[in-house]
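Enquirer: One structure, pasted below without further comment.
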Amino acid sequence: DGGITQSPKYLFRKEGQNVTLSCEQNLNHDAMYWYRQDPGQGLRLIYYSQIVNDFQKGDIAEGYSVSREKKESFPLTVTSAQKNPTAFYLCASSKGSSFGYEQYFGPGTRLTVT
Amino acid sequence: KNQVEQSPQSLIILEGKNCTLQCNYTVSPFSNLRWYKQDTGRGPVSLTIMTFSENTKSNGRYTATLDADTKQSSLHITASQLSDSASYICVVSGGGDYKLSFGAGTTVTVRA
């Protein structure tokens, strides 16, 4: 898990509520990423940030929002607009801002929405 | 569309035995290929990273091979241990913007 922490490990919410997942890294990495993992599927990119105060949509950004106010923090908000929010969410970071750099993953947060 | 296909979906092996996992990809242009190990409920951990010019790379009992011409890779686990029970994910970087394309993973179960 390196120097990346995600909290909480498990999160339960009622449908219609927004929820924010925390991701912090102490690796002094420039870039941070959010992925979603569903059973039987590969990881899918939600949002990424290559520099502080800037972020880009990934492949499945609808219903999610992020901020990057500090280099070490990249919180993800799952909004009520996300139709199927129940999933395992993984945060990652890389030293360089290009996708070519190795990504280090956090331990993940399992979100369950009922 | 860039795709990464892994096979088999799952396998069960006895402790001490060897196994090989396969990865086929269509990502182009190719930058690098990575194998990750993911324990249940945890984040993936990198095992190997290979660029176009590398055919083989080892990390302890894990050996990855790459054939960039046929766009195939394999991960060989030697003398399996109970701790090898995990999902192994093949990830390819490329497609111009170097974004990562993830396979669905192969779940390996090692039994005593």
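Enquirer: Where in segment A:1-109 are the strands (runs of 3 or more DSSP E), entirely inside, with at least 2 residues that are of a type in the set (Val, Ile, Thr) and either more than 11 Å from every other protein chain (Cβ to nearest Cβ) or over 22 Å from B:THR40 (Cβ atoms) (or both)?
Expert: Output list reads A:19-25, A:44-51, A:76-78.
Enquirer: For segment A:40-55, enumerate the residues that are surrounded by 13 or more Cβ atoms within 10 Å (Cβ to Cβ) and not β-branched (Val, Ile, Thr).
Expert: Within segment A:40-55, A:GLN41, A:GLY42, A:LEU43, A:ARG44, A:LEU45, A:TYR47, A:TYR48, A:SER49, A:GLN50, A:PHE55 qualify.
FYI, it's all coordinate maths here, none of it is from the lab. This one's a predicted model, so the numbers in the text were calculated from it and none came from an experiment. A quick note on method: Cβ atoms are made from the backbone with ideal geometry, for glycine too, and the neighbour counts reach across all protein chains shown.
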